[in-house]
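Written below as structure tokens is the structure these notes are about.
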Amino acid sequence: MTSIRRVVLASRPAGQPKPENFRIEGFELPEAAEGEVTVQSLYLSLDPYMRGRMSDAKSYAAPVPVDGVMEGETVSEVVKSRHTGFAPGDIVRGRTGWSTHAVVRGETLRRVETYGAPLTTALGVLGMPGSTAWSGLKFIGQPKQGETVVVAAASGPVGSLVGQLAKLAGARAVGIAGGPDKCSFVKDGLGFDAVVDHRSKDLGSDLDIACPNGIDVYFENVGGHVWDAVLPRLNQFARVPVCGLVAHYNGTGSGASDRLPATMSAILRRSLLVRGFIQTEFASHFEEFLEEVAPRVVSGDIKYREDIVDGLENAPEAFIGMLTGGNFGKLIVKLSI
Ligand code: NAP
């Protein structure tokens, strides 16, 4: 097998993806045309949204075609450039896919700026997931001093930043995570005020203890049984930025059939603001996000955790695991050729 490799979608999964839904293959890298750049990927980000791209169900983005390269963002080094904006040696981020190398239009790449933080942060706390947390909380959640902000998937790149930003806004931050290790990281490592384990026998009672004044902002990353437990505890005029529903991405475990009437009734009776968003909506605020968050990451005031897997061949298994909580922190693949 050549050292130039990529992972393609071999078949569409039914439910939880399986290793056979992916195929790793060598390929011939085309020569860059005028305006194009050849990159060698250093790090590949694995994100929950990729499960949606594996399906051909109608969505906000087109699916990856069968036999097409899996979509994904990378941090890469420019090796050849026929675009005036880039030169060999530049470090860039772009949607170059699950691939060790790629040839892409120069205008689709951005120079990596991490203000001195490690390069991997450009895919996590200082990249797409971080800006998702920042914009969803700032523009939709709008936490106020003394309010209670709850976030699920709290040890991951989105949730961990949501809670820390909520605290900086003077709110009380409560995380929901799976298992004792993630829970102690959220409370002791990230400094949340409280944490509850969504695998507990009685998540509702645990939330009552963690949120004695109810919930003013619930940053929704998960759905499923976590939403069932949060819904009755939302205060009048609570805000719910709906960022992700990872519990539903495999099309399993959708749970109670009366969820919709319960949700609609709560929205009505408690005047809830439930607002979905895709982070691209706030793309024009990316520089503002970086200027606010990056210095705090560099100084150590904002903490983050990464889960780095070695080698493109291990990407499918790591991705499959993430969909049920197998990752612990921002999942990134280090590419070795
Ligand atoms: P992440 O936290 O690194 O990984 C997903 C986590 O979800 C898992 O580690 C697991 O954590 C939790 N989880 C999985 N299945 C669950 C279940 N059935 N019940 C409860 N928790 C479950 O992911 P991330 O990158 O930070 O993303 C978090 C969410 O934001 C995802 O839903 C993602 O799709 C969404 N997102 C949306 C946008 C947007 O533009 N709207 C952008 C980026 C991300 P535990 O082990 O702690 O349960």
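Structural remarks
- Of the residues PHE86, PHE27, the single one that is in contact (Cβ under 8 Å) with a residue 24 or more places away in the chain, touching a helix residue (DSSP H, G or I) at 6+ places or on another chain (Cβ under 9 Å) and more than 26 Å from ASN250 (Cα to Cα) is PHE86.
- Selected residue (criterion: most open to solvent (accessible area, probe 1.4 Å)) from residues of the range 301-337 that are touching a Lys or Arg at 6+ places or on another chain (Cβ under 6 Å) and of a type in the set (D, E, K, R): ASP310
- Residues within the range 137-190 that are among the hydroxyl-bearing types (Ser, Thr, Tyr) and either within 11 Å of the ligand (Cβ to nearest atom) or under 17 Å from the mean Cα position of the chain (by Cα) (or both), tallied: 2
- Residue in the range 25-34 that is within 27 Å of VAL242 (Cα to Cα), touching a Ser or Thr at 6+ places or on another chain (Cβ under 9 Å) and modelled with pLDDT of 95 or more present: no
- Of all residues in the range 35-48 being within 16 Å of the ligand (Cβ to nearest atom) and open to solvent by 40 Å² or more (accessible area, probe 1.4 Å), the one that is nearest to LYS18 (Cα to Cα): PRO48
- Among (1) touching a residue at least 60 places away in the same chain (Cβ under 8 Å); (2) away from the ligand (no atom under 13 Å from the Cβ); (3) of a type in the set (Asp, Glu), the one test that GLU287 misses: (1)
- Selection within the range 299-337 - within 9 Å of the ligand (Cβ to nearest atom), free of Cβ contacts under 8 Å to residues at least 40 places away in the same chain and assigned to a helix (DSSP H, G or I): GLY321
- The listed residues are VAL217, VAL240, VAL222, VAL230, and the only one of them that is crowded, with 17+ Cβ neighbours inside 10 Å and in a loop (DSSP other than H, G, I, E, B) turns out to be VAL222.
The values are calculated or read from the model by the stated rules, or taken from the named source; none is laboratory data. Here the structure is a predicted model, which is why all the values come from computation and not from measurement. So basically every Cβ, Gly included, is an ideal-geometry build from the backbone, and we count neighbours across all protein chains shown. Each accessible area value is taken on the protein alone, full model and side chains, heavy atoms only, with ligands, DNA and RNA left out. Shrake-Rupley method; radii C 1.70, N 1.55, O 1.52, S 1.80 Å.
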